[in-house]
């Protein structure tokens, strides 16, 4: 009997992972019985999660309220899903609820992980497949991929590198997960060695304020951690107010 799966995801990474499931598993080893996403369009030739679901005749579940009335499934797979899952949602997976978190755990739970890794001058970064639990990104780890962070990397470059590693991690191990070929490593066993932090989306605004009195290295580090076109650039705090910064100005620090 094929295993049943709910896929919850958004953004480019969600689209890529859903495509992997469709290409390699749907109607063969597993059946994707529902997809939850938003209306975010990726533009160009890239299909959003919703567009992929519709194109492949997959059921689109409009919201979590509707999801609660759907039947249970063997697996829930979450990839950058945009809403908070409560325990009643997680419990709809009878075998495993799984999340792809684009950061190493337990060091960087939550949001803005790329920025904080640069600010912290981390030497390594990574991406993680872990069990979904009620606490944010705190579930046991199934698989992870870690890599050395290049010197003076910008946040956009770190995001892209992690994106590529995340796709490979998902593709290489999702079959193992369906087969039950994994071990659960509680994050509590790793916190003393690796450290632990939790960051929130709203913190990014404070990170984008660069004090004119800081030394050059600190200014550059915070700039690299927050300069991510086309998003609003970081600003320099001066006696005369806030000055938006450009890449050319970064070179002058």
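All of the numbers you see were taken from the coordinates with simple rules; none came from a lab. Computed from a predicted model, the values in this text were never measured in an experiment. As a convention, Cβ positions derive from the backbone with ideal geometry for all residues, glycine included, and neighbour counts pool all protein chains shown.
Here the residues 151, 72, ranked from fewest to most Cβ neighbours within 10 Å of their Cβ, fall in the order 151, 72. If you run the Gaussian network model on the chain, springs between alpha carbon atoms under 10 Å, then out of 91, 120, 215 the most flexible one is 215. Placing pseudo-labels 7 Å out from each Cα toward the beta carbon at residue 197 and residue 240 gives an inter-label distance of 3.3 nm. Taken along its three principal axes, the alpha carbon spread of region 152-219 comes to 55, 28, 23 Å, from the longest extent down to the shortest.
Please arrange 116, 147 by how many other C-beta atoms lie within 10 Å of their C-beta, fewest to most.
On the way: 116 21, 147 14.
Arranged by neighbour count, lowest to highest, 116, 147 become 147, 116.
Out of every Cα pair in the chain, what percent are spaced more than 35 Å from each other? Present the calculation step by step, with values, prior to reporting the outcome.
Details: 6610 of 31878 pairs.
Within the chain, distances greater than 35 Å cover 21 percent of Cα pairs.
For region 3-199, the share of DSSP beta bridges that are antiparallel, to the nearest 5, is 35%.
Here the sum of -39500 (n - 2.57) over DSSP H runs of 4 or more residues, divided by the residues of the chain, equals -9000 deg cm²/dmol at 222 nm, to the nearest 500. Here is the size of region 105-253 from its Cα atoms: Rg then Dmax, 17.6, 61 Å. All alpha carbon pair distances within region 176-253 were sorted into 5 Å bins beginning at 0; the resulting P(r) in whole percents reads 3, 12, 19, 15, 10, 9, 8, 9, 7, 5, 3, 1, 0.
Using C-alpha pairs under 8 Å with a sequence gap of at least 6, the mean separation divided by the residue count of the chain gives a relative contact order of 16 percent.
When the Kirkwood radius is taken over all Cα pairs of region 208-250, what Stokes-Einstein diffusion coefficient follows at 37 °C and 0.692 mPa s, in µm²/s? All intermediate terms of the calculation are to be shown ahead of the outcome.
On the way: Rh = 10.3 Å.
D = 319 µm²/s.
GNM on the chain, alpha-carbon springs under 10 angstrom: the most fluctuating residue among 242, 161, 142 is 242. A Gaussian network model of the chain, with springs between Cα atoms under 10 Å, assigns the largest mean-square fluctuation among 164, 45, 191 to 45. Compactness of region 2-123 was expressed as the Cα radius of gyration divided by 2.2 N^0.38 Å, which yields 1.12.
Which of 144, 193 comes first, and how do the rest follow, when ranked by fewest Cβ neighbours within 10 Å? Display every interim value, and only then the final one.
Values: 144 18, 193 7.
Ordered by Cβ neighbours within 10 Å, fewest first: 193, 144.
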